[in-house]
Amino acid sequence: MSFTVAIVGRPNVGKSTLFNRLVGKKLALVDDTPGVTRDRRPGDAKLIDLRFRIIDTAGLEQSAPDTLQGRMWAQTEAAIDEADLSLFLVDAKGGLTPADETLAEMLRRRGKPVVLVANKSEARGSDGGFYDAFTLGLGEPCPISAEHGQGMLDLRDAIVAAIGEERAFPPEDDVAETDIDLSPTFKDEDGEEEVEAAYDETKPLRVAIVGRPNAGKSTLINRFLGEDRLLTGPEAGITRDSISVEWDWRGRTIKMFDTAGMRRKAKVQEKLEKLSVADALRAIRFAETVVIVFDATIPFEKQDLQIVDLVLREGRAAVLAFNKWDLVEDWQTVLADLREKTERLLPQARGIRAVPISGHTGYGLDRLMQAIIETDKTWNRRISTARLNRWLDSQQIQHPPPAVSGRRLKLKYMTQVKARPPGFMISCTRPDALPESYIRYLINGLRNDFDLPGVPIRMHFRSGDNPYESKAKKRR
């Protein structure tokens, strides 16, 4: 992107609404409650013919640095320092407040270009607030309506005038194009038998960090990045939006999503928390690998197990991270207990990778990243049809399918129909009569014989086509 823009202002003036308008998606949470946004959220914006990077920030609430509001404001200041231009939003409907004047003074001291934006200008009685904005000494305000999309052309012109045409329209935009085949298929030299696809070690990897509130998710990501990028603290439920950050690990791009803590459904009553949980669920669906963060001091709460089950039902690759390992004293005994409970309480994810870590000290983070990469390889694995059918024959010899109503079921043919997660189709007689116990036997056999630990496996059955069925219907 050619330049970076930060959206700043006091709480509830419409910063996140404008952010969503410019990025063209409802990425940031929007609610009438002041102070919804806490972390700074980046995005790629498009305004008419302008392309730039935009950052949504928390509203100005002056407080002591060690308070939550003080840490939120520190994040906003970091966004202003990072940006080339600031969009200073004021509420034309509600008028100016002392907080607006304080923020205007702070922006003047920064010495960077500022565009004064009078939001909610479509409302009745907004003229007074619009003209009052002139008293801030930041030039002529640009009247817009972020919710209804009014005044966007004027906003574009104001941004170009503030940043300069050369910066706004660089001669050559660096556009990175990626062409990633998510489920490639390969043929052997004869073009007959499908062979296993090679894993692409260079493709970007999307990782979501989920867990209960106050499990240490944001602290973990900050430790990966080596900076205080995300808002952290002793308070539970600080994170609300799902914030994405990018970094390189051994030459590979990792896009990691921090999510809001997920409490039990019965305890989620407030609208804002419901929006946060929905945002976390969306991050899980669009991720490739999901790291479920457990609090090692109180692991395997009921909600922890439900989150793991949710991730597996969504078909994502899952890794367990037992955080706060620096608080564990008898770590050998605790580790043995965690391994036993993992095998016993998560039978649907047999062999899932689990790593003890400490987001506070950085202990175990390299092993966690290695577990993420290995799990993603397993999640993307493809197995040739010939190998699957040889395996299916051997499984039926060792343990034949049961007989139903005096007739033994026959498994005729097997192939892998998809990866991410691995999905298999078996052609058999009477698929509706195949017992669940035999399906589990096949899935566990696949895990053991083809090294597929910890990832969800989809198994589909269908009956073979009967070439004489249509003729029998005609005779009737």
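The values are calculated or read from the model by the stated rules, or taken from the named source; none is laboratory data. Predicted model, so just to flag it, every value in this text is computed and none were measured. Cβ coordinates were reconstructed from backbone atoms using ideal geometry, including for glycine residues, and neighbour counts include every protein chain displayed.
Selection of strands (runs of 3 or more DSSP E) fully inside region 189-286 by the criterion of at least 1 residues being free of Cβ contacts under 8 Å to residues at least 60 places away in the same chain and of a type in the set (Asp, Glu) returns 243-249. Between LEU50, LEU68, the distinction of being farther than 24 Å from THR4 by Cα and surrounded by 15 or more Cβ atoms within 10 Å (Cβ to Cβ) belongs to LEU68 only.
Inside region 357-372, residues that are surrounded by 20 or more Cβ atoms within 10 Å (Cβ to Cβ) and either part of a helix (DSSP H, G or I) or free of Cβ contacts under 8 Å to residues at least 60 places away in the same chain (or both) make up a count of 5.
Candidates LEU312, LEU305: the one that is assigned to a helix (DSSP H, G or I) and within 30 Å of ARG250 (Cβ to Cβ) is LEU312.
When ARG430 is tested against (1) among the charged types (D, E, K, R); (2) surrounded by fewer than 16 Cβ atoms within 10 Å (Cβ to Cβ); (3) at pLDDT 90 or above, just one condition goes unmet, and that condition is (3). The residues of region 248-288 that are aromatic (Phe, Trp, Tyr) and either under 17 Å from ARG316 (Cα atoms) or at pLDDT below 90 (or both), listed by number, are PHE257, PHE286.
For the criterion of being at pLDDT below 85, touching a Phe, Trp or Tyr at 6+ places or on another chain (Cβ under 9 Å) and in a loop (DSSP other than H, G, I, E, B), LEU60 passes.
The number of residues in region 379-407 that are surrounded by 13 or more Cβ atoms within 10 Å (Cβ to Cβ), part of a helix (DSSP H, G or I) and of a type in the set (D, E, K, R) comes to 1. Taking region 106-127 as the range and being touching a Ser or Thr at 6+ places or on another chain (Cβ under 7 Å) and small (Gly, Ala, Ser) as the test, only SER121 passes.
Quick grid of which residues meet (1) in contact (Cβ under 8 Å) with a residue 60 or more places away in the chain; (2) not aromatic (Phe, Trp, Tyr):
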position: THR378; (1), (2): yes, yes
position: THR385; (1), (2): yes, yes
position: ARG390; (1), (2): no, yes
position: PRO402; (1), (2): no, yes
position: LYS412; (1), (2): no, yes
position: ALA419; (1), (2): yes, yes
position: PHE424; (1), (2): no, no
position: SER427; (1), (2): no, yes
position: ARG430; (1), (2): no, yes
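If you check GLU101, GLU147, GLU105 for being in a loop (DSSP other than H, G, I, E, B), surrounded by fewer than 22 Cβ atoms within 10 Å (Cβ to Cβ) and among the acidic types (Asp, Glu), only one passes: GLU147.
When residues in region 63-81 are screened for being in a helix (DSSP H, G or I) and not hydrophobic (A, V, I, L, M, F, W, C), 7 of them pass. Note on region 272-318: residues that are on the phi > 0 side of the Ramachandran plot and touching a helix residue (DSSP H, G or I) at 6+ places or on another chain (Cβ under 6 Å) total 1.
Scanning region 444-460 for residues that are crowded, with 17+ Cβ neighbours inside 10 Å and either in a loop (DSSP other than H, G, I, E, B) or touching a Cys at 6+ places or on another chain (Cβ under 8 Å) (or both) yields LEU452, GLY454, VAL455, PRO456, ILE457.
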